[in-house]
Amino acid sequence: DAGVTQSPTHLIKTRGQQVTLRCSPKSGHDTVSWYQQALGQGPQFIFQYYEEEERQRGNFPDRFSGHQFPNYSSELNVNALLLGDSALYLCASSSRTSGLSTDTQYFGPGTRLTVL
Amino acid sequence: GQQLNQSPQSMFIQEGEDVSMNCTSSSIFNTWLWYKQDPGEGPVLLIALYKAGELTSNGRLTAQFGITRKDSFLNISASIPSDVGIYFCAGLVLNTDKLIFGTGTRLQVFP
């Protein structure tokens, strides 16, 4: 049973560029949450997708957007990259079928984004 | 962004010693979670707490949900080398699936 997978593992971009990160949830999960983890910090909630819609959002600008596909996989898009966007981007999946699902969120290994 | 206050920031202990770390918040949470993160990995859930005053164990790990609902602590007994890593607390924002993480406690265990 594959866990949460993310791609790519590492990515280097320059300021102003756009990036797309991908996440496949754990088998049986239908909800995907994205987090940004700066070096030496705890993860910060970006947004959550369920039923192909953004359900909740943290304090991130509109440059951060996402998408969820019918197979529950998800993408995180960041436009007009800034140096401060350099971080580990984590995807977490869970199942919402039994109500609030965050207690059983499973995290992927993350994508390390470096903006030069 | 908002983060919970976690202490200590780092700990250097000898194998076999017990460890205690805590997490405080200015806001009330209905769920407290404790995660461990190894280098190059995502956080792994260790313990989940759902009621004020609740004390829950998972092997050598014990965590408690503070009575005020604004704090939680994690104890690790008889530490071993594989306990090395960064431990994060997280609180679940009321009526959401949004997790607020702590600043992390880095644990080093020496043989």
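The table that follows gives values for the structure above.
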| read-out | value |
| --- | --- |
| Positions within region B:1-35 being touching a Leu at 6+ places or on another chain (Cβ under 6 Å), more than 11 Å from every other protein chain (Cβ to nearest Cβ), within 22 Å of residue B:70 (Cβ to Cβ) and in a strand (DSSP E or B), in sequence order | B:21, B:34 |
| Condition broken by residue B:64, with the remaining ones in (1) open to solvent by 50 Å² or more (accessible area, probe 1.4 Å); (2) within 14 Å of chain A (Cβ to nearest Cβ); (3) free of Cβ contacts under 8 Å to residues at least 60 places away in the same chain; (4) in a strand (DSSP E or B) satisfied | (2) |
| The one condition in (1) open to solvent by 40 Å² or more (accessible area, probe 1.4 Å); (2) more than 26 Å from residue A:30 (Cα to Cα); (3) not in a strand (DSSP E or B) that residue B:95 fails to fulfil | (2) |
| Every residue from region A:72-108 that is surrounded by fewer than 22 Cβ atoms within 10 Å (Cβ to Cβ), modelled with pLDDT under 95 and in a loop (DSSP other than H, G, I, E, B) | A:95, A:96, A:97, A:98, A:99, A:100, A:101 |
| In region A:25-46, the residues that are of a type in the set (A, V, I, L, M, F, W, C) and more than 9 Å from chain B (Cβ to nearest Cβ) | A:32, A:34, A:38, A:39, A:46 |
| Filter pass, residue A:44 being open to solvent by 10 Å² or more (accessible area, probe 1.4 Å), within 30 Å of residue B:32 (Cβ to Cβ) and touching a strand residue (DSSP E or B) at 6+ places or on another chain (Cβ under 6 Å) | yes |
| Filtered residues of region B:36-45 (kept if assigned to a strand (DSSP E or B) and either without any contact (Cβ under 8 Å) to a residue 40 or more places away in the chain or within 8 Å of chain A (Cβ to nearest Cβ) (or both)) | B:44, B:45 |
| Any hit, region B:6-28, residues being polar (S, T, N, Q), open to solvent by less than 30 Å² (accessible area, probe 1.4 Å), in contact (Cβ under 8 Å) with a residue 60 or more places away in the chain and in contact with a Pro (Cβ under 7 Å, 6 or more places away or on another chain) | no |
| Verdict on residue B:88 being more than 10 Å from chain A (Cβ to nearest Cβ) and at pLDDT 95 or above | no |
| Residue match in region B:98-111 (condition: part of a strand (DSSP E or B), farther than 22 Å from residue B:27 by Cα and aromatic (Phe, Trp, Tyr)) | yes |
| Residue under evaluation residue A:55, criteria (1) open to solvent by 50 Å² or more (accessible area, probe 1.4 Å); (2) not in a strand (DSSP E or B), criterion not met | (2) |
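The values are calculated or read from the model by the stated rules, or taken from the named source; none is laboratory data. As the structure is a computational prediction, the values presented were derived from the model and not from experiment. Methodologically, a virtual Cβ is constructed for each residue, glycine included, from the backbone with ideal geometry; neighbour enumeration extends over all protein chains shown. Accessible surface areas use protein heavy atoms only, side chains included; no ligands, DNA or RNA. Shrake-Rupley method; radii C 1.70, N 1.55, O 1.52, S 1.80 Å.
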